[in-house]
Structures are given as structure tokens and as C-alpha cells.
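The structure under discussion appears below in the form of C-alpha cells.
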Amino acid sequence: MRYLYLPRVSSTNTYLKSNYSKLDSWTVLRSDYQEKGRGRLNHIWRSHKGENLLCSILIKDEKVFKEHEALCLLVGVSIYRLLKELKINNIKIKLPNDVYVNNKKICGILIETKFINNHLKALVIGIGLNLNQKSFPKSLKATSTYIINKKEADIDKTLKRLVNIIQEELKKVTKGYYSKLLKQYKNIICERI
């Protein structure tokens with residue numbers, strides 16, 4: 001496991017995808033600000049500088065590649081577990097890539113792949129988790145852990161705990177894992193908010 005920090009980056013996902021060949025699997029990049037942060041379908045992800053967890057995890061592991069279809073839900077469940085540890089309730093995982101609290105978005109997940117000659121070389125898990133941001137434009141319908149529980153979160157400590165949870169969940173991956181997750185978390189998984 002290697003943690004990297006860049007104060008400012010175009011996008012944490014883009015950086016890891018561009019540099020995947022020079023980096024080890026389980027390289028984790030955190031930044032205070034992304035100039036071109038994005039979500040699924042190229043939606044823009046905006047965040048106040050230094051207030052939220054903006055990170056990406058590079059994975060170059062054949063075992064994980066085989067389960068890539070379950071990965072988005074696995075990361076969503078990991079975020080759910082982390083938020084529960086932070087004493088946050090009313091959490092919903094909106095498939096395929098968002099986490100909501102009280103019908104407001106608190107986290108976005110973007111998983112991208114790097115192929116060379118039709119061969120999967122790397123997966124990059126991008127996560128934007130609203131931690132310490134104190135306000136959002138009303139048009140965004142967003143929230144943060146600070147807004148919910150009035151406590152500042154330590155971004156680096158939160159990142160390390162989240163990565164540990166993701167690794168714990170990956171250890172559980174066996175045949176039929178995705179179906180098991182769907183059953184286990186059926187009460188918090190939805191397709192619309």
C-alpha cells in the first residue's frame with residue numbers, strides 16, 4: 001500500500017490511469033482539489049478545496065479484475081460501513097455509483113479501466129466523499145458528514161479507514177458475491193432517490 005498526496009491535480013483518476021505503469025497496485029492518491037473532477041457520464045464533480053475526501057485507488061490485481069462487475073457495489077457498501085462508523089444513518093446506495101444520506105448526495109464513485117491491446121491492465125476507483133464542506137448550492141441536493149453531525153473529520157484518517165474497509169470487503173469476494181451483497185443490503189440499495 002502506498003499513499004500519495006498532490007495538493008492540486010486535474011483528476012485523481014486521470015493521474016493514476018496516466019501513470020499506472022509506474023505505480024504499484026494499491027497506490028492511493030489523495031488531493032485537496034481537482035481541476036477537472038468528474039463522475040459517471042462525465043458529470044462535473046465540484047468540491048471546496050481541502051474540505052472533502054477526493055481520492056483514487058489503483059488496482060492491478062487479476063483477482064479483483066474478475067469481480068469488477070461487483071466492484072461499484074462493493075465500494076458503495078464500504079462507504080456505507082464507513083458512514084455507519086461515523087454515526088450517520090438514513091444511508092442509501094443509489095446504483096450504480098452514488099451514496100445518499102437523507103436523500104442528499106454525500107459520495108460519488110467512479111470506476112474506470114485501463115486497457116492495452118484489449119487486455120485489462122488496471123482499475124481505478126475514484127471516490128469523492130463530502131466530509132467537511134459546510135454548505136452546498138441548493139441545486140446540488142448534497143450534504144456532508146459535517147452538516148449531519150457537526151464534527152470535522154480527519155481526511156487522511158478517514159481515507160485510511162475507507163481503504164481498509166474496501167480491502168476487508170474484497171477478501172469476502174467469492175463466486176456469487178454480488179448476489180450476496182444485493183440480498184444483504186437490499187434495504188439500502190435503490191435505483192432512484
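The values are calculated or read from the model by the stated rules, or taken from the named source; none is laboratory data. If you're wondering where the values come from, they're calculated on a predicted model, not measured in any experiment. A quick note on method: Cβ atoms are made from the backbone with ideal geometry, for glycine too, and the neighbour counts reach across all protein chains shown. Each accessible area value is taken on the protein alone, full model and side chains, heavy atoms only, with ligands, DNA and RNA left out. Shrake-Rupley method; radii C 1.70, N 1.55, O 1.52, S 1.80 Å.
I want to make sure I understand the PRE zone here: with the label point 7 angstrom from the Cα of Asn187 toward its beta carbon, which residues in the stretch 49-80 have backbone N atoms less than 16 Å away? Residues 80 fall inside that zone.
Inter-label distance, Lys22 to His119: 2.2 nm, where each label sits 7 Å from its Cα along the C-beta direction.
The residues of the stretch 92-193 expose, per residue, 57 Å² of accessible area to a 1.4 Å probe. Between Glu67 and Lys141, full extension at 0.36 nm per residue minus the direct alpha carbon distance yields a gain of 23.5 nm.
Computed extension gain for Asn164 through Asn103, at 0.36 nm per residue and net of the alpha carbon distance, reaches 19.3 nm.
Would you mind telling me the share, in percent, of accessible area of the chain contributed by carbon and sulfur at probe 1.4 angstrom? Intermediate results must be reported in sequence, preceding the final value.
Values: 5010 of 10490 Å².
About 48 percent, which is the carbon plus sulfur part of the accessible surface.
In a fully extended conformation the segment linking Ser10 and Leu95 would gain 28.0 nm over its present Cα-Cα distance, using 0.36 nm per residue.
The solvent-accessible area of Arg8, taken with every protein chain present and a 1.4 Å probe, is close to 130 Å². Label-to-label distance for Lys171 and Lys134 is 4.0 nm, based on points extended 7 Å past Cα in the beta-carbon direction.
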